[in-house]
Amino acid sequence: MLDNKKKSILISILIAISIMSTLAFSYAFRKMQNDENISSISASSSILSLIYSECEDNSDETCGTINKDLKVGDSFSKRFTIENTGSTDVTVPLYFTSLENSFKNDELVYSIEDISTGQIISTGPVPYSPDTSINVRINPDITIKVGEKREFQLTVTFIAVNDDQNYNLDASYMLRLGLLSE
């Protein structure tokens, strides 16, 4: 009877050790895979720049900020380029890095056009934000190949959803487009 108890205890210990070993190996293998992916990502080199064109002055800070007065039906456009001077293709989203918009009923809309293809890559209402918001993602990702410089145009339009515009009489907006690494 004592031998059966010893055998049962020994078998239980061996099973516990094998389960613990399997779990430890699985955790270590998974951790190695994650670390390997991180190092391969950080080993790649991408350098992107978003540069506004058609500026009155050479200051990127003032050039990138858009807050022109608009009447119903008016639009304002600003051109910018994105250039990849790194050593790998990059896929990035665009953001309103600074945004303030008090227009109601989605009556302030934007579109971003790829000038070289004529394709609209993003369009929609400028997000409502009566207080300044930062880093509001606005579009699907854009891929910029190594050595590529692409030109885009951001257009902001004040559209009329209905005839009564009294609620937008004192509306204002300010936006700035940019890139962020994720």
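Data for the structure
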| item | result |
| --- | --- |
| Elements of type strands (runs of 3 or more DSSP E) in the range 106-182, at least 3 residues being among the hydroxyl-bearing types (Ser, Thr, Tyr) and surrounded by 15 or more Cβ atoms within 10 Å (Cβ to Cβ) | none |
| Of residues in the range 90-103 being at pLDDT below 90 and surrounded by fewer than 17 Cβ atoms within 10 Å (Cβ to Cβ), the one farthest from Arg137 (Cα to Cα) | Thr91 |
| Complete set of residues in the range 133-171 that are in contact with a strand residue (DSSP E or B) (Cβ under 7 Å, 6 or more places away or on another chain) and farther than 28 Å from Glu83 by Cβ | Phe158, Ile159 |
| Residue that is nearest to Leu175 (Cα to Cα) [pool: residues in the range 89-121 that are in contact with an Asp or Glu (Cβ under 9 Å, 6 or more places away or on another chain) and polar (S, T, N, Q)] | Ser102 |
| Among residues of the range 79-88, those that are out of contact with any Ser or Thr (no Cβ under 6 Å at 6 or more places or on another chain) and not polar (S, T, N, Q), counted | 2 |
| Test result for Gly86, in the same structural domain as Leu169 (by TED's automatic domain parsing), over 30 Å from Met174 (Cα atoms) and either modelled with pLDDT of 70 or more or surrounded by 10 or more Cβ atoms within 10 Å (Cβ to Cβ) (or both) | yes |
| Looking only at the range 75-105, and only at residues there that are part of a strand (DSSP E or B), under 30 Å from Val161 (Cβ atoms) and hydrophobic (A, V, I, L, M, F, W, C), the one that is nearest to the chain's Cα centre (by Cα) | Leu94 |
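The values are calculated or read from the model by the stated rules, or taken from the named source; none is laboratory data. In this text, all values refer to a predicted model and were calculated from it rather than measured experimentally. A quick note on method: Cβ atoms are made from the backbone with ideal geometry, for glycine too, and the neighbour counts reach across all protein chains shown.
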